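First the structure, in the form of structure tokens, and then the observations on it.
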Amino acid sequence: MTDEPLNLTPLDALHRELGGKMVPFAGYSMPVQYPAGILTEHLHCRAKAGLFDVSHMGQASLRGPGAAAALEALVPGDMIGLQPGRQKYTLLMTAEGTILDDLMVANLGEDHLFLVVNASRKHIDLPHIAAHLPKSVMLESHTDRALLALQGPEAVAVLSRFAPEVAAMPFMGFITTRLLGATCHISRSGYTGEDGYEISIPAEHATEIARALLAEPEVMPIGLGARDSLRLEAGLCLYGNDIDETTNPVEAALMWVMSKRRKTDWDFLGANKVRAMLEAGPPRKRVGIQPEGRAPARGHTEIRAPDGSHAGEITSGGFGPSCNAPVAMGYVRADLAAVGTALSLMVRGKPLPARVVALPFFPHRYVR
Amino acid sequence: MRYTKDHEWVSLAGTIATVGITNHAQDALGDVVFVELPEAGRDVEEGEACSVVESVKAASDVYSPLTGRVVEANQAIVDEPGLVNQAAESSAWFFKIELADPAAFDALMDAAAYQAFLETL
């Protein structure tokens with residue numbers, strides 16, 4: 001750890017006013033929970049709507065002729081085919097065919113892509129992207145914007161009161177519109193498995209918009225604790241836990257980010273390594289893991305095969321409030337990755353029975 | 001009531017000590033979702049990890065504050081871990097131990113000393 005002061009998001013004073021328990025996260029002071037607590041926040045988000053401050057994440061624009069082609073050199077997804085008004089999940093790659101970060105890319109039209117990257121990786125991602133751009137394409141970091149997520153089945157009803165056009169957006173749709181007079185980028189996406197929106201707001205308008213959303217009866221503020229349990233139940237990867245610079249997208253079960261064209265051309269940074277693993281078969285795979293008892297198995301828990309041999313490691317694990325049971329994901333040897341396979345989790349020196357299950361633990365409820 | 005720096009509380013009735021976690025501990029942990037307790041009959045040393053309490057956020061060991069033999073564990077908090085958040089210093093006790101040396105109880109922090117300790121954190 002360094003002694004550098006923590007960065008504050010534009011909503012810092014509001015978090016403190018709401019009683020948020022502030023913790024350091026990726027160099028920022030962030031609320032891990034509010035007085036309601038993680039369980040209540042988690043369940044409220046699945047039942048109604050929750051508001052998350054994710055302003056610590058990196059927002060940037062990639063602009064200029066050939067922006068999509070330039071980004072394709074660094075990611076395995078189809079950026080050239082990404083239509084205006086649409087957003088896509090993709091991966092920044094290393095030359096070794098491993099994952100530098102995962103990110104969202106939206107097409108704003110007129111050779112303008114809008115990127116959202118992880119807080120813990122933005123200082124690596126943005127210089128990496130900038131170093132690989134042709135002269136015609138510029139990267140601009142939006143440090144003057146906040147990012148809010150409004151998630152849950154009532155998110156559409158709430159946000160429609162402020163901007164009726166959001167109701168008609170498809171999953172992964174992206175619009176630029178005005179919210180309480182501020183120009184905002186809104187995507188229909190999130191990190192909870194629920195329907196909802198992520199809203200990029202000029203920093204000076206963020207508190208006013210957050211207060212207005214929180215004043216709606218369906219909305220409760222949600223901290224990082226419930227954000228993590230929600231995304232884990234939804235089977236979504238957390239960079240630094242489930243994927244990192246040692247994981248290849250093939251073993252991470254993220255090859256769905258590649259289009260047919262990109263799997264034909266193999267023309268992104270690290271593509272040869274990804275292709276080689278795809279052809280040889282991955283030595284390990286990311287899977288869902290259901291502990292059979294009540295004891296949660298946390299990250300770094302050793303996984304063993306039925307014969308007692310080493311099988312892998314849990315990368316994310318905890319208690320799933322909506323499942324009312326422990327939930328986990330991790331990497332296991334490829335021969336143990338089939339759904340239903342029995343495993344043991346070494347928790348405090350004792351083997352606990354578990355099995356491989358399909359992800360997600362809690363069904364996605366995206367609008368289609 | 002006596003307290004430890006590991007945020008356990010202890011009450012004494014004769015030679016039987018009842019042990020739980022403090023309100024400060026349950027508040028810091030957040031929503032408790034899992035508790036593992038020692039079996040009756042287990043001999044425990046002062047400072048030995050003998051229970052586990054897990055919240056949505058994290059797992060934490062609970063230590064035996066004194067040396068003795070476990071005589072009872074509180075099944076109610078295993079069945080309903082959320083009781084620990086509701087009644088940490090009363091009905092949500094963890095376990096009872098028959099003390100090897102009941103006089104050792106007096107060496108633990110009293111309420112004023114524990115409060116002073118909390119203020120140093």
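The values are calculated or read from the model by the stated rules, or taken from the named source; none is laboratory data. On a predicted model such as this, the values are computed, not experimentally measured, just so you know. Cβ placement follows ideal geometry from the backbone for every residue including glycine, while neighbour counts extend to all protein chains displayed. Accessible surface is based on the protein model in full, side chains and every heavy atom, while ligands, DNA and RNA are left aside. Shrake-Rupley method; radii C 1.70, N 1.55, O 1.52, S 1.80 Å.
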Q. Which of the pairs A:260/A:285; A:350/B:96; A:285/A:350; A:135/A:273; A:21/A:350 have their Cα atoms more than 26 Å apart in this structure?
A. A:135/A:273; A:21/A:350
Q. At a 1.4 Å probe, what is the % contribution of carbon and sulfur to the accessible area of chain B?
A. 48
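Given a 1.4 angstrom probe, I'd like the percentage of the accessible area of chain A that is carbon and sulfur, rounded to a whole number.
On the way: 8230 of 14690 Å².
Here it works out to 56 percent.
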Q: Step through the residues of region A:144-159 one at a time and calculate ³J(HN,Hα) from phi using the Karplus curve (6.51 cos²θ - 1.76 cosθ + 1.60, θ = phi - 60°), rounding each to whole Hz and writing x for Gly and Pro.
A: 9, 10, 8, 9, 10, 10, 10, 10, x, x, 8, 4, 5, 5, 5, 5
(Q) I need to check one value: relative contact order of region B:2-101, counting alpha carbon pairs closer than 8 Å and at least 6 residues apart, in percent. (A) 32
Q. How many square angstrom of accessible surface are buried between B and A, both sides summed, with a 1.4 Å probe and rounding to 100?
A. 1200
Q.
Please compute the Kirkwood hydrodynamic radius of region A:47-180 from all pairs of different C-alpha atoms, in Å with one decimal.
A. 15.8
Q. Excluding ligands, DNA and RNA, what is the solvent-accessible area per residue of region B:2-101 at a probe of 1.4 Å, expressed in Å²?
A. 41
Q: Kindly identify region A:216-368 as rounded, prolate or oblate by the Cα gyration tensor criterion: order the square roots of the eigenvalues as a ≥ b ≥ c, call it rounded if a/c is under 1.5, otherwise compare a/b with b/c, prolate if a/b is larger, else oblate.
A: oblate
**Q.** Separation of the residue A:110 and residue A:161 label points, Cα + 7 Å toward Cβ, nm
**A.** 3.4
Q: From other protein chains only, count the Cβ atoms within 10 Å of every residue's Cβ in A:319-325, then give the mean.
A: 2
(Q) Please compute the length gained on full extension between residue A:358 and residue A:182, using 0.36 nm multiplied by the number of residues separating them and subtracting their Cα-Cα distance. (A) 59.2 nm
Q. In region A:1-48, what residues drop by 40 Å² or more in accessible surface going from the chain by itself to the full protein assembly, probe 1.4 Å?
A. A:21, A:38, A:39
**Q.** Intensity falloff of region A:250-325 expressed as log10 I(q)/I(0), Debye formula with alpha-carbon point scatterers, at q = 0.11, 0.17, 0.20, 0.23 Å⁻¹
**A.** -0.44, -0.80, -0.92, -1.05
Q) Using bins 5 angstrom wide from zero, how does P(r) for region B:2-101 break down, in % of all Cα pairs? A) 3, 16, 28, 27, 18, 7, 2, 0
Q: Using Cα pairs closer than 8 Å and at least 6 residues apart in sequence, work out the relative contact order for chain A, in percent.
A: 18
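Using the C-alpha atoms of the protein assembly as shown, what convex hull volume per residue, in cubic angstrom, is computed?
Spelled out: Cα convex hull of the protein assembly as shown, divided by residues, is 155 Å³.
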Q: Please give the per residue accessible area of chain A, computed with a probe of 1.4 Å over protein heavy atoms only, in Å².
A: 40
Q) With θ set to phi - 60° and the Karplus curve 6.51 cos²θ - 1.76 cosθ + 1.60, what are the ³J(HN,Hα) couplings of region A:120-134 in order, to the nearest whole Hz, using x for Gly and Pro? A) 6, 10, 4, 6, 9, 4, 5, x, 4, 5, 4, 5, 10, 8, x
Q: Would you mind giving the mean number of other chain beta-carbons within 10 Å of the Cβ of each residue in B:54-66, as a whole number?
A: 4
**Q.** Point-to-point label distance, residue A:4-residue A:25, nm (Cα→Cβ direction, 7 Å offset)
**A.** 1.9
(Q) Please list, ordered by chain and number, the residues whose modelled amide H lies under 5 Å from the amide H of residue A:347; skip anything fewer than 5 residues away on the same chain. (A) A:352
Q. What nm distance separates the two modelled labels at residue A:13 and residue B:75, each placed 7 Å from Cα along Cα→Cβ?
A. 5.5
Q. What residues of region A:273-306 lose no less than 30 Å² of accessible area with every protein chain in place versus their chain by itself (probe 1.4 Å, heavy atoms only)?
A. A:294, A:296, A:298
Q: Return the aspartates and glutamates within reach of residue A:263: Cα separation strictly under 19 angstrom, same-chain partners fewer than 8 residues apart disregarded; answer none if there are no such residues.
A: A:72, A:78, A:96, A:102, A:251, A:279
Q | Shape category assigned to region A:1-68 from the gyration tensor of Cα positions, a/c cut at 1.5 | A | oblate
Q. Roughly how many debye, to the nearest 20, is the charge dipole of the protein assembly as shown about its Cα centre, given +1 on each Lys and Arg Cβ, -1 on each Asp and Glu Cβ, and no other charges?
A. 1880
